[in-house]
1. Please build a GNM for chain A, connecting alpha carbons under 10 Å apart, and tell me which residue among A:Ala358, A:Ala69, A:Ala383 fluctuates the most.
2. Report, ordered by chain and residue number, the aspartates and glutamates lying within cross-link reach of A:Lys248, taken as a straight Cα distance under 17 Å and ignoring same-chain residues fewer than 8 apart.
3. Provide Rg over Rh for chain A; use the alpha carbon set for both Rg and the Kirkwood Rh (inverse mean inverse pair distance).
4. At 10 °C and a viscosity of 1.306 mPa s, what translational diffusion coefficient does Stokes-Einstein give for the range A:205-246, taking Rh as the Kirkwood radius over Cα pairs? Give it in µm²/s as a whole number.
5. Under 10 Å, Cα contacts only: if you run a Gaussian network model on chain A, which one of A:Ala210, A:Ala79, A:Ala59 comes out with the highest mean-square fluctuation?
6. Taking amide hydrogens as modeled 1.01 Å from N in the peptide plane, which residues meet the under 5 Å criterion relative to A:Ala267, leaving out close sequence neighbours?
7. Fewest Cβ neighbours within 10 Å first, please rank A:Asp245, B:Asp79 accordingly.
8. Of all trypsin sites (Lys or Arg not before Pro) in the range A:48-97, which ones are in loop regions per DSSP and have a Cβ with at most 15 other Cβ atoms within 10 Å?
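A short reminder: the numbers here are calculations on the coordinates, not readings from a lab. Everything numeric here is computed off the predicted structure, so don't read it as measured data. Glycine also receives a Cβ, built like all others from the backbone with ideal geometry; neighbour counts cover every protein chain displayed.
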Amino acid sequence: MVADSEPVVRSRHVTTFLVIGLWNSATFGAMLDHILLATKKGTIILDRRSGRWTPRPIAHAGMAVSYAARDPRDGTIWACMDNAHWGPALMRSRDEGTTWEDASRIAYPKGARYIEQLIPDPKAMEDAQKAITYKPAALMKVWVLGFAGADQPGVIHAGTLPGGLFTTRDGGESWELNRPLWNHESRGGDLFAGEATSKNQWGGTPAAMAYGDFVPGIHSVAVDPRDSHHIYVSVSCAGVLETRDGGKTWAGSNRGMLNDYLPNPEADWGHDPHFVTLCPADPDRLWQQNHSGVFTSDDGARTWKRVSQQGVAVHFGFPIAADDKDGKTAWVVPLRSDQERMTIGGGMFVARTSDGGASWQTFREGLPQEHCYDVVYRHALDASGDRVCFGSTTGNVYVSEDRGESWRCVGSNLPPVHSVRFV
Amino acid sequence: MPHVTFTRHLLRFFPTLTEGEVPGATVREVIDELEKRYPGFAAYVVDETGRLRRHVNLFVRDEPICDRDTLSDKVSPDDKVFILQSLSGG
């Protein structure tokens, strides 16, 4: 149990919470009896005890957290702070959420620039023919973290707005921009060196608008558990890129992708993956919830196949979770259309495929079926064994312990949920 | 020397932060001095390009600074500098 108290120590870099009955590292990793929430008002950990999920007092109270995850190699919990006033920052806990400390800040190097994007606004589009303009890059948001495998201890990747991938090789003491990706020909080439040498293919994401600019963002980092040099990153709006040499070279992996909002639906670029993940036990099987439907690949992202259909329940949405053992099983939380972004018919359901997307089953037991306006963001769905969990923008958290077939609300009136991860 | 006052919200991150005299002929120099006194402070106020963060306000006397990009506004020895957060959030 956790003491129902305010933080007992507050000092620079360290916030301590009084915790009684702290879980030990053995149960922490093996049973995944904890759920880590990043919310608009802080970090919340739910503990499963005697079959009940109980939230602890919030950490980082009042401060937005864009993403939180646990490094499975050493148990460090990371929180990506999204403080509107004082800037994005990383905090970490080495004692399972009891105390938190500042990690080094991620910073774009001097000279990092990006090609300014047109805001998707009719007036701005009138300037569509204007000359290329550049902006100096500054970190807006750490959107996601991806942990390398045991073959690369201390290596963590961070996907950010405005579209840079950063890597630490010392457990977060220092971070370095991945220049081959930042300078990729699909982004206009090496803008450190001078003018663009190729056409920029990366568009902005509406998720950046709150930060005052229309820039691309990396929201998914999937590391191949067989080889940490093999990494997929996904960009809104560009698509999936892959490296097989630890980030020295990158190539687009969007063959078979379709988009419904460009003149050429099979274009190499311009795709809007909302989230991309892989099956840890079957890493050549990838899943992608995209703006234009659900896609899967069974050949390591060499080719993609759409496994949803416009107008049918499963199509639009933000998150997707892959089963950790069976590559053909995945879960989504669909929404209505790409315009309204609301529950379908006012009720919420989770859909699961067990045959690689050939068919989907929908499950509603335990979920609200009327007057429901919950939206589940891209990082706010996770699966672990038979357990599935999601959190919504209206502060509800639901858990299933039977592979998504029935659900129980384990938290309501919480802050809007940005990410959910079993830990 | 200019006298610097802070929003109390910064105490959460820098509990020993105290208002007082800080040397500097420009706002940038004042921030640099504060960074020496409170390592890590500057990153809360400016981004890595040196620009004032979007939701931070910095006043000299009663006027918001003009140069939010490089903080080149002049500061006189008898000036008061205020570092505040803007009204935003939800």
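1. Its mean-square fluctuation being the largest, the pick is A:Ala358.
2. Here the aspartates and glutamates satisfying the reach criterion relative to A:Lys248 are A:Glu176, A:Glu185, A:Asp190, A:Asp224, A:Asp227.
3. Checking Rg against Rh, the ratio lands at 0.95.
4. Reported coefficient: 141 µm²/s.
5. Greatest mean-square fluctuation among the candidates belongs to A:Ala210.
6. Under 5 Å from the amide H of A:Ala267 lie the amide H atoms of A:Asn259, each far enough along the sequence or on another chain.
7. A:Asp245, B:Asp79
8. A:Arg94
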